[in-house]
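The values are calculated or read from the model by the stated rules, or taken from the named source; none is laboratory data. These numbers come from a predicted model, not from an experiment. Backbone-built Cβ (ideal geometry, glycine too); neighbour counts: all protein chains shown. These area figures cover heavy atoms from the full protein model, side chains too; ligands, DNA and RNA do not enter into them. Shrake-Rupley method; radii C 1.70, N 1.55, O 1.52, S 1.80 Å.
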Amino acid sequence: MIGEDVLDLDGQVALVTGAGKGAGRGIALELAKHNAGGIAVNDFVAERAEEVVEEIRALGVPATAVPFDVCDLEQVGAAFAKAGSEIGAVTILVNNAGMAGPTGQISMNTNFWEEDPGEWGKYMNTNLYGVFNCTHAAIPAMVDAQRGRIVTIVSDSGRVGEPRQAVYSAAKAGAAGFMRSIAKETGRFGITANSVALASIQTMMTDDQFAEFQKSDGYKAAMSRYTIRRWGQPDDVAALVAFLCSNRASWITGQTYPLNGGYSMAQ
Ligand SMILES: NC(=O)c1ccc[n+]([C@@H]2O[C@H](COP(=O)([O-])OP(=O)(O)OC[C@H]3O[C@@H](n4cnc5c(N)ncnc54)[C@H](O)[C@@H]3O)[C@@H](O)[C@H]2O)c1
């Protein structure tokens, strides 16, 4: 390569939550390709985490599976300890696990006032409390190392609102607000904390389902809201996250970056 890799991670060890598939898997692989010292791959579904670990090891990068539910503080603490002893102290945390939690389906069909309040927890727990839990477990090692990167994957729905996703949006907005306060608390230790706000990423359909969806009027209607007329891919997310985790991003903190094909625009 001519010149330095701007995404170089300088051998830092990362833990990525919800990395067994979708955007999280893309992020974990991208970090591995840019000189991460090791990757701890979390997912609620252990087999998914193990598969991604194998992919990362095939790149010649140390990796360990840490299957846990981000909502379970005890499991979270044990996983950081396991990662620390197997691949080194974690100084990069990517809070990616989200959507409707490990077993729920995200619903976009029901008005808020018609929702069963019993459904709210599945959004709040993973998207907000899960971020609290992992960040709480991660910061002590970062303070010890006097360096750290925390990136939380949120949603444009938390920035600009989305009908029939009010509680999910609230959880994501809360997570971004939480990152801003954490940024202010931890900056003096060389730690940055940022959020990346996504619009639709193609992770919820198989390629065949997506090809079928692309023929529909619903797809055309959805695309009319995007300046760049496609849905995002895990690689799109991975590139920005890798940059925010790199040394080059050491003066960027407390921010929320839209990554959305122009779905929404802000000054
Ligand atoms: N896909 C989109 O269109 C979209 C849009 C905006 C924001 N986002 C956000 O991007 C992130 C990644 O989304 P995705 O589409 O790649 O998700 P995905 O559903 O494809 O994969 C998420 C993974 O996280 C795991 N997971 C879920 N809850 C967990 C928990 N409590 N503990 C541990 N693992 C858990 C799941 O098992 C799954 O493997 C999420 O935070 C999501 O809210 C996604």
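General observations
- Cβ-derived FRET efficiency at R0 41 Å, Asp217 paired with Lys184, nearest 0.05: 0.35
- Sequence-distant residues sharing a close amide H with Ala193 (under 5 Å, placed H): Ile150, Gly254
- Among beta bridges identified by DSSP and lying wholly in region 82-238, the antiparallel ones come to about 0 percent.
- Met108/Glu55 FRET efficiency (R0 30 Å; Cβ-Cβ; nearest 0.05): 0.45
- Computed from backbone phi with θ = phi - 60° and the Karplus coefficients 6.51, -1.76 and 1.60, the 3J(HN,Hα) list for region 10-15 is 6, x, 6, 9, 10, 10 Hz; x is used for glycine and proline.
- Efficiency of FRET between Met265 and His136 - r from beta-carbon atoms, R0 51 angstrom, step 0.05: 0.90
- The charge dipole of the chain, taken about its Cα centre with unit charges on the Cβ atoms of Lys, Arg (+1), Asp and Glu (-1) only, comes to about 840 debye.
- Looking at region 35-140, none of the GluC sites (Glu not before Pro) sits in a DSSP loop with at most 11 other Cβ atoms within 10 Å of its own Cβ.
- Local net charge near Thr206, Cβ-Cβ under 13 Å (Lys/Arg +1, Asp/Glu -1): -2
- Loop-located trypsin sites (Lys or Arg not before Pro) in region 189-252, at most 16 other Cβ atoms within 10 Å (DSSP): Lys215, Arg225, Arg229, Arg230
- GNM result for the chain, Cα springs below 10 Å: residue of Ser250, Ser195, Ser181 fluctuating most strongly: Ser181
- Per-residue SASA entry for Asp72, accessible area with 1.4 Å probe, Å² rounded to 10: 50
- Take the Cα of Lys21, step 7 Å toward its Cβ, do the same at Ser250, and the gap between the two points is 3.9 nm.
- The stretch between Ser224 and Lys33, if pulled fully straight at 0.36 nm per residue, gains 65.3 nm over its current Cα-Cα span.
- Pairs exceeding a 25 Å alpha-carbon distance, out of Lys21/Lys172; Lys21/Lys184; Lys33/Lys172; Lys33/Lys82: Lys21/Lys184; Lys33/Lys172.
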